[in-house]
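Each remark here refers to the structure printed beneath this line.
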Amino acid sequence: MDLTSINYLGFITLTFLFYRFLPLNAKPYLLIFSSFIFIGTYSIESLVFFLFQHVLIHFTVKKISTTESASIRKRMFKLGIVFIIAFIFSLKYIEIKFNNTSSFNTNKLIFFLGISFYSLQNISYLIDVYYGRVKRLSFLDFTLFSSFFSKFIAGPITIIQTFKITYIEKNNTYLIQQGINRIAWGLFKKIVIAERIAPVIAFNFELKNPTLGLTNLVLAYLFTIQLYFDFSGYSDIAIGTAKLFGIDLSENFKLSLRAKSISEFWRRWHISLSNWLTNYIFYPISYKYRKKKYWGTIIAIVITFLVSGLWHGVYLTFIIYALLHSVYLIVGLFIQKPTNRFKNRIFSIFSIFFTFNLVSISFIFFRSISIEQAFSKVKCIFSQHFFSNNLLFDFTQYIAMGGEQENVFNLYVSLFLISLVLLFEDRLQRIFNAKKMNVIHLTLILLTIIFFGVFDKSKNFIYTQF
Amino acid sequence: MKLYTKIFFALIFVYIVLLASDKIYGFFLNENVYLKQVYIQKKKINADFLILGNCVPNKLINPSILEKITKHKTYNLAETHANLTENYLSFYVYLKSNKAPKRLFIYTTPESFDPSFNKFSSYRFAYLMHDNEVRKTIKISDLNYYRWSFIPFAKYRYYNSPLHYSALQGAMHYFANSKKRIVHNGYLNFEELHKYRSLYPNGYRFKWDNLQEKYLIKLIFLAKKHGTKVILFESPFYSRKNELPNRNEILQKIKQIADKTNVLFIKFDTLKFPKSNFANNDMLYTKNIEKFNILFARRVLL
């Protein structure tokens, strides 16, 4: 059930109506039941694999929290962690073998939906219970926490401490209004922006291979924009849906493309994953190597990003993408921060543009279907073939997908909409994050979606494949 | 005003905007004579020879050359990616405002029956959905689009770009009355390709869609009902040995349909153009297209 489909809108409306009128103690059961239906509509295999890991982790945690022997607790804890890691990697490996596809593929058959996401949640749950940071949850609460449908496919990755349910009183509509606002904003990002660029990116990464540096660079920019609006759009729909049921999920994106440095970028991009990696990988490693000073930090950065790369998939493209970011961050450690003299508007704009370029180049590895393709694209950008006399021809052939009039027109419309949204993103975000719903704004966004949205080619969200 | 009342009025407003947009788009699309479906309705073509098919005959059969040789008015009604169901509907629309042609040439190759190559583009008939036959065919070929079409304006928005652009083009045509880009005989000039490119992975096996077979037969009978002589034809074709293992088998199936319906099936792949003449498996280079059109014209005069 695609989150942008009419089926999903019908599904959440129906669940919401039942939820409003059910007695308090029946509400969690309804949400769990709906979540199972939601996962089952994607694939029954996904539901079975989820339940298998879920039940095993529940009993492992139960054993850890009830036994008094430290050695058994430690053994169970290690067993639990090894099981999850082995489970996720073996299933991902099977998936690669079964699908026999390239590293980046949003249309592959889905057998292990959401596995990367709920596995991380389970690891943090195990760690937190083992170190006594949280208490063990009842089977009902743990199932609701793990399976809640809006965050199941692609997060936000939630830890027990931040997963809160407020059972809404009938007269209190603020959370509902907030939820509707966020869903509308998420739909706009996905259907109007990300989906409009998607065919251009697919055309140039899967069918054609532009040979001009500037064309490749523009395509890298466009993919960064597509990924941002696709994933943040998904997160908005997930967060908005959760709000309808009184559930607070953590934020995943904060005007990410306005980051002035790579470290700031990671504080704004896929925040739930960044936080998870920082808390459960980076801090423990930094602490372990604290005596090695800078080297300790460097080791921690490299390992953290390596894990992040492998988490995306067992492909060289993702590993290089992650290592590239670790290099950016390590270099950033040694670069002095600008003095106040430079902290002006022009410097800020330059920093944003420079960071955007670094990120876009790294995303070439993320999006390419093979490592050879990624390297050829990057090589092209840094070669003498950056410009050519035939630049316009190259742009129409590749970025306007063959240069047919409809495609050129479509590209202009897309670029206009992207510019407008990027320019006023903070204002738009404020409007659609507001606690109170503004009917005029909502009407305008609905009409924009109808007039400029892409409905026929709607594919899965990019992060569904992970 | 209460929140729910506001939402109610907002939805009414959206509905009215959609209703108005539906009418405006319908009007401007109907004015866009760059679209073949509109052109054949507005201008009386009344061609003697009519060509149907996908982008291959659209780029391959040049009516100007044919007319010179045959002295018969020819119109190329082929459309990019159009499958046989779409060809049927195009011919049906054509007959509504034109007299039946003397001969109808239908491009039928293994690709015509394989859904991976051609499809039914419902949006091309969006502004004709008041017609029962159009609705019925769309329902069979594109059920999702058909369901959405009940919502005002959805039939113009379900498929993203083509109709935005076409409506705008229609508006420009309506206000400026520009006729610069109209190709009056339906022929599509195309960019020359510089390097031969195979369209198929080696060993590709063609699929067979029964719906296309059904609509081909329906199309043949519709033409016969109007006294039109139907000729099925295939373009010159180049393939490496064993590149397409079931191609001949599918051609045989087409031949059986032709025999069953008592129409002629001309296979131009027997002309054996050399590989150097081809831009891809079924498309000749521009310089060879003229040569082929002369052969085609002579053959159809037989």
Only residues in the range A:400-420 that are facing chain B (nearest Cβ under 9 Å) and within 15 Å of residue B:163 (Cα to Cα) count as the first member; pair them with residues that are aromatic (Phe, Trp, Tyr) and in a helix (DSSP H, G or I), Cβ under 6 angstrom, at least 6 apart or cross-chain, and list the lot.
A:406/B:165; A:409/B:165
Restricting the range A:281-302 to residues that are of a type in the set (Ser, Thr, Tyr) and part of a helix (DSSP H, G or I), which is most open to solvent (accessible area, probe 1.4 Å)?
A:287
I'm trying to understand the selection: among the residues of the range A:1-36, which are of a type outside the set (D, E, K, R), open to solvent by 40 Å² or more (accessible area, probe 1.4 Å) and over 27 Å from residue A:229 (Cα atoms)?
A:14, A:17, A:18, A:21, A:22, A:23, A:24, A:25, A:29, A:33, A:36
Reported set for the range B:12-34 where residues are open to solvent by 40 Å² or more (accessible area, probe 1.4 Å) and of a type in the set (A, V, I, L, M, F, W, C) is B:12, B:13, B:16, B:19, B:20, B:24, B:27
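Residues checked against (1) under 23 Å from residue B:75 (Cβ atoms); (2) among the hydroxyl-bearing types (Ser, Thr, Tyr); (3) modelled with pLDDT under 80:
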| residue | (1), (2), (3) |
| --- | --- |
| B:219 | yes, no, no |
| B:230 | yes, no, no |
| B:273 | no, no, yes |
| B:286 | yes, yes, yes |
In this structure, does residue B:89 turn out to be part of a helix (DSSP H, G or I) and within 14 Å of chain A (Cβ to nearest Cβ)?
no
For the range B:1-83, list the helices (runs of 4 or more DSSP H) that sit wholly inside it and hold at least 1 residues that are within 12 Å of another protein chain (Cβ to nearest Cβ); which are they?
B:3-31, B:55-60
Is it the case that some residue within the range A:264-280 is outside any helix (DSSP H, G or I) and closer than 21 Å to residue A:359 by Cα?
yes
Filtering the range A:201-234 down to residues that are in a helix (DSSP H, G or I), farther than 20 Å from residue A:271 by Cβ and either outside the structural domain of residue A:254 (by TED's automatic domain parsing) or in contact with a Phe, Trp or Tyr (Cβ under 7 Å, 6 or more places away or on another chain) (or both) yields A:201, A:204, A:213, A:214, A:215, A:220, A:223
Looking only at the range A:376-385, count how many residues are surrounded by 15 or more Cβ atoms within 10 Å (Cβ to Cβ) and under 25 Å from residue A:228 (Cβ atoms).
5
Every residue from the range A:430-445 that is within 20 Å of the chain's Cα centre (by Cα) and either crowded, with 17+ Cβ neighbours inside 10 Å or on the phi > 0 side of the Ramachandran plot (or both)
A:432
Restricting to the range B:134-168, and then to whatever is more than 18 Å from residue A:407 (Cβ to Cβ), out of contact with any helix residue (DSSP H, G or I) (no Cβ under 6 Å at 6 or more places or on another chain) and of a type in the set (A, V, I, L, M, F, W, C), can you tell me which residue is farthest from the other protein chains (Cβ to nearest Cβ)?
B:140
Answer with yes or no whether residue A:228 is of a type outside the set (Gly, Ala, Ser) and open to solvent by 10 Å² or more (accessible area, probe 1.4 Å).
no
Given (1) at pLDDT below 85; (2) within 13 Å of chain A (Cβ to nearest Cβ); (3) open to solvent by less than 70 Å² (accessible area, probe 1.4 Å), where does residue B:173 come up short, assuming only one miss?
(2)
Take the residues in the range B:95-130 that are free of Cβ contacts under 8 Å to residues at least 40 places away in the same chain, surrounded by 15 or more Cβ atoms within 10 Å (Cβ to Cβ) and not small (Gly, Ala, Ser); name whichever of them is nearest to residue B:253 (Cα to Cα).
B:119
Checking residue B:84 against (1) in contact with a Leu (Cβ under 6 Å, 6 or more places away or on another chain); (2) closer than 24 Å to residue B:200 by Cβ; (3) open to solvent by 10 Å² or more (accessible area, probe 1.4 Å), the condition it does not meet
(3)
Among the candidates A:327, A:307, which residue alone is of a type in the set (A, V, I, L, M), open to solvent by 40 Å² or more (accessible area, probe 1.4 Å) and within 26 Å of residue A:233 (Cα to Cα)?
A:307
Tell me which of these residue B:58 doesn't satisfy, since it passes every other one: (1) closer than 19 Å to residue B:184 by Cβ; (2) open to solvent by 10 Å² or more (accessible area, probe 1.4 Å).
(2)
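The values are calculated or read from the model by the stated rules, or taken from the named source; none is laboratory data. Note that this is a predicted model, so its numbers are computed, not measured. All Cβ positions, glycine included, derive from the backbone under ideal geometry; neighbour counts span all protein chains shown. To get the accessible areas, we keep the full protein, side chains included, count just its heavy atoms, and leave off ligands, DNA and RNA. Shrake-Rupley method; radii C 1.70, N 1.55, O 1.52, S 1.80 Å.
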